[in-house]
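Undergrad: Quick one: this structure, given as C-alpha cells, is what I'll be asking you about.
The values are calculated or read from the model by the stated rules, or taken from the named source; none is laboratory data. Being a predicted model, the structure only gives us computed values, none of them experimental. Cβ coordinates were reconstructed from backbone atoms using ideal geometry, including for glycine residues, and neighbour counts include every protein chain displayed. In case anyone asks, the SASA skips ligands and DNA or RNA and just uses the protein heavy atoms, side chains included. Shrake-Rupley method; radii C 1.70, N 1.55, O 1.52, S 1.80 Å.
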Amino acid sequence: MTNFILTDRKTDYLLPPSLEDWLSEDHLARFVVEVVDQLDISTLTRQYAGRGSKAYHPATLLAILVYGYATGVFSSRKLERATYDSVAFRYISAGSHPDHDTLATFRRRFLGELEALFVQVLALAQEMKLLKMGTVCLDGTKMHANASRHSALSHGHIGKLEVQLKAEVQELLALAEKADQADVPDGMNLPEEIKRREDRLAVMAEAKRKIAVRAQERYEREKVEYDEKMTQRAAKEKDRGKKSNRKPPKPPEAGPKDSDQINLTDEESRIMPTAGGGFEQAYNAQAGVDAATMLVIATQVTQATNDKEQVEPMLAILAAQSQSLGEVTCLIADTGFCSEKNIRACEKAGLEPLIAVARDAHHPHWRERHSEPASLPDNASPTDKMRHRLKTKAGRALYALRKQTVEPVFGIIKSVMGFRQFSLRGLQKVRGEWQLVCLAWNVKRMAKLRPECG
C-alpha cells in the first residue's frame, strides 16, 4: 500500500494560527513591515480627523503598497484581492482586507508625503551601514504614461477635424429641419449625433487653447535664449572688430506649430521616442543611483524628451539631501547629459563630473585601453579636464560603473518588478508614483544587502 501524507482540509486548528508562523524569517514581507514600522509617519496620521468609522492605519496601507510595488502588484483591485489570496499580503495586513477604493485614495492622497518617507528609508539604510554616499550614476528612462498616443491630437489635425465636424453638424441640422426625414438611417438619433459632434468641437477648442498657451511659453523661453545668443555674438564681434562669418541663429516663431500636440487623456504627458524605435506617450523618469549599493538616492520625472536639462535639477535634490545623507563627490552620466553648462554646474556644486562627451567605440584598440593620455595644459577648460579624466585608466574604470549600476536598476524595475507604465495621470502624480516605485526598489535592495553587510 502506498504511503501518502494525509491531506485533511476539514479538521480545525487546535490552537489559533499565528501570523508569525506563516512566513520564513528572511521573507521580504517581514522586512517591509520592519522598515515601515521604523518610519515617522506622523504627517500622515495627523491628517485623519478621527470622525466616522475607524480607518485602516497608514502604516498598514503603506506597507501593502510598498510590498505590492516591490513584487509587481500595482493595481488597487489586485492589491485588495491579494490580501485574501496571498500569504505575504495577509501577513502585512494582519488578516484585514482594505478595499481597492481605500488603497487608491490613500495612494493619491499621500503622494506629496512620499518625498520625506523616501529620504527616511535612505537614512535607515545609512544607519544599517548599507548606504555609502559618494559616487552617483545618473540616467533617465522613458516610462509609458497612462494614456494612448492615439489619443493625441496635433494642432494641424485639429484644424482639419474642426472643418469636417462643423460641416457634419450643418448637414445633420439640415436633416433635422426637414419634415420628411426619409434620408435618415434607421436607428439614428439626430439630436444625439449633433450633440456628440458639438461636444467634440468643444473639447478640440479647449485643446487648441492649451496648445496656444504652451506655444507662448515656448516662444518666451526660446526668445530669451535667442537674445542671449545674439548678445554673445555682438560681444564677440565687438572684441574682434569685425562681423562674424557664421550664420546668425534663427529667431523663434510665435504661435503654435501644426506639429504641436496634446493628449486628451493625460495632457501633461508627451510623445517621446523609445529605445527600440518608434514613439510612445510617455514621461522621462530620472534616477540617481549610488554606485556602491545600487540604491536610488534621488528621483525626478520630466516632460523633456532628452536629458540635457536634467543635471541641475538633480544636483539641487542631492544638495537638499546632503545634510541628512551626506555629500556626493562624483556624478557619472552618459553623453545625453553632456553640455558645458552641466559640467560647470557640477564643479560649482563641488562634484567631479564624469559625463561622456561622445559615444565610445565598441571595440577600441588595445593600446587605447592600456595607455594614459598626455598631460593637460594649465589653462585647460573644465570640459577639457573632464575629457582628459575620462581617457585615464582610473577615469575609464570609474565611468564603467554606470553600466553596472543605473542601467540594471531600470532593467529590474521594468522587467522583474514589472513596472513599465504609470497608473496615475499628471506630472505631479507620476512624480509621486515614480518615487514610490524607487522606494519599493530601495526596500527590496536593502533586504538583499542586509545579510551581505552584516
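Undergrad: Within the stretch 313-330, count every residue that is open to solvent by less than 10 Å² (accessible area, probe 1.4 Å) and part of a helix (DSSP H, G or I).
TA: The qualifying residues number 2.
Undergrad: Step by step: first the residues of the stretch 419-454, then only those that are touching a residue at least 12 places away in the same chain (Cβ under 8 Å) and among the charged types (D, E, K, R), then the one that is surrounded by the fewest Cβ atoms within 10 Å (Cβ to Cβ). Which residue is that?
TA: Arg420
This table checks each residue for (1) in contact (Cβ under 8 Å) with a residue 12 or more places away in the chain; (2) surrounded by 15 or more Cβ atoms within 10 Å (Cβ to Cβ).
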residue: Ser375; (1), (2): no, no
residue: Ala380; (1), (2): no, no
residue: Thr383; (1), (2): yes, yes
residue: His388; (1), (2): yes, yes
residue: Gly395; (1), (2): yes, yes
residue: Tyr399; (1), (2): yes, yes
residue: Arg402; (1), (2): yes, yes
residue: Pro408; (1), (2): yes, no
residue: Met417; (1), (2): yes, yes
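Undergrad: Of everything in the stretch 340-349, what is open to solvent by less than 60 Å² (accessible area, probe 1.4 Å) and over 19 Å from Asn284 (Cα atoms)? Give them in sequence order. If you could, list the steps in order and put the result at the bottom.
TA: Restricting attention to the stretch 340-349, the residues satisfying the condition of being open to solvent by less than 60 Å² (accessible area, probe 1.4 Å) are 342-343, 345-346, 349.
Those that are open to solvent by less than 60 Å² (accessible area, probe 1.4 Å) and over 19 Å from Asn284 (Cα atoms): Ile343, Ala345, Cys346, Ala349.
Undergrad: So which residues in the stretch 187-199 are at pLDDT 75 or above and either out of contact with any helix residue (DSSP H, G or I) (no Cβ under 8 Å at 6 or more places or on another chain) or in a loop (DSSP other than H, G, I, E, B) (or both), if there are any at all? So that I can check it myself, show each step before the final result.
TA: Taking the stretch 187-199 first, the residues at pLDDT 75 or above are 188-199.
Matches in the stretch 187-199: Met188, Asn189, Glu192, Lys195, Arg196, Asp199.
Undergrad: Now a separate question. When Val213 is evaluated against the numbered criteria (1) part of a helix (DSSP H, G or I); (2) open to solvent by 60 Å² or more (accessible area, probe 1.4 Å); (3) in contact (Cβ under 8 Å) with a residue 24 or more places away in the chain, which criterion, by number, is the only one it fails?
TA: All conditions pass for Val213, except number (3).
Undergrad: Looking at (1) open to solvent by 20 Å² or more (accessible area, probe 1.4 Å); (2) at pLDDT below 90, which is the one condition that is false for Leu153?
TA: (1)
Undergrad: From the set of residues in the stretch 68-83 that are in contact (Cβ under 8 Å) with a residue 40 or more places away in the chain and open to solvent by 20 Å² or more (accessible area, probe 1.4 Å), which is nearest to Leu28 (Cα to Cα)?
TA: Thr71
Undergrad: Checking the structure you have, find out if any residue of the stretch 264-280 is farther than 23 Å from Ala145 by Cα and crowded, with 16+ Cβ neighbours inside 10 Å.
TA: So far as the stretch 264-280 goes, no, none of its residues is farther than 23 Å from Ala145 by Cα and crowded, with 16+ Cβ neighbours inside 10 Å.
Undergrad: To continue, here is another question. What number goes with the only condition from (1) open to solvent by less than 90 Å² (accessible area, probe 1.4 Å); (2) at pLDDT below 85 that Asp227 does not pass?
TA: All conditions are met except number (2).
Undergrad: Give the residues of the stretch 341-355 that are in a helix (DSSP H, G or I) and under 18 Å from Lys391 (Cα atoms), sorted by residue number.
TA: Scanning the stretch 341-355 gives a single hit, Ile343.
Undergrad: A further question follows. For Ser53, which of the numbered conditions (1) within 28 Å of the chain's Cα centre (by Cα); (2) more than 30 Å from Leu130 (Cβ to Cβ); (3) surrounded by fewer than 21 Cβ atoms within 10 Å (Cβ to Cβ) fails to hold?
TA: (1)
Undergrad: OK, next. Restricting attention to the stretch 295-312, does a residue exist that is surrounded by 14 or more Cβ atoms within 10 Å (Cβ to Cβ), modelled with pLDDT under 90 and more than 30 Å from Arg425 (Cβ to Cβ)?
TA: There is no residue in the stretch 295-312 that is surrounded by 14 or more Cβ atoms within 10 Å (Cβ to Cβ), modelled with pLDDT under 90 and more than 30 Å from Arg425 (Cβ to Cβ).
Undergrad: Being among the charged types (D, E, K, R), open to solvent by 60 Å² or more (accessible area, probe 1.4 Å) and either assigned to a helix (DSSP H, G or I) or within 30 Å of Ser154 (Cβ to Cβ) (or both) is the filter here; which residues of the stretch 230-252 pass it?
TA: Keep residues of the stretch 230-252 that are among the charged types (D, E, K, R), which gives 233, 236-240, 242-243, 246-247, 250.
Applying the additional criterion that residues be open to solvent by 60 Å² or more (accessible area, probe 1.4 Å) yields 236, 238-240, 242-243, 246-247, 250.
Selection gives Lys236, Lys238, Asp239, Arg240, Lys247, Lys250.
Undergrad: Can you tell me how many residues within the stretch 2-44 are open to solvent by less than 100 Å² (accessible area, probe 1.4 Å), part of a loop (DSSP other than H, G, I, E, B) and within 17 Å of Ala94 (Cα to Cα)?
TA: The number of residues fulfilling the criteria is 6.
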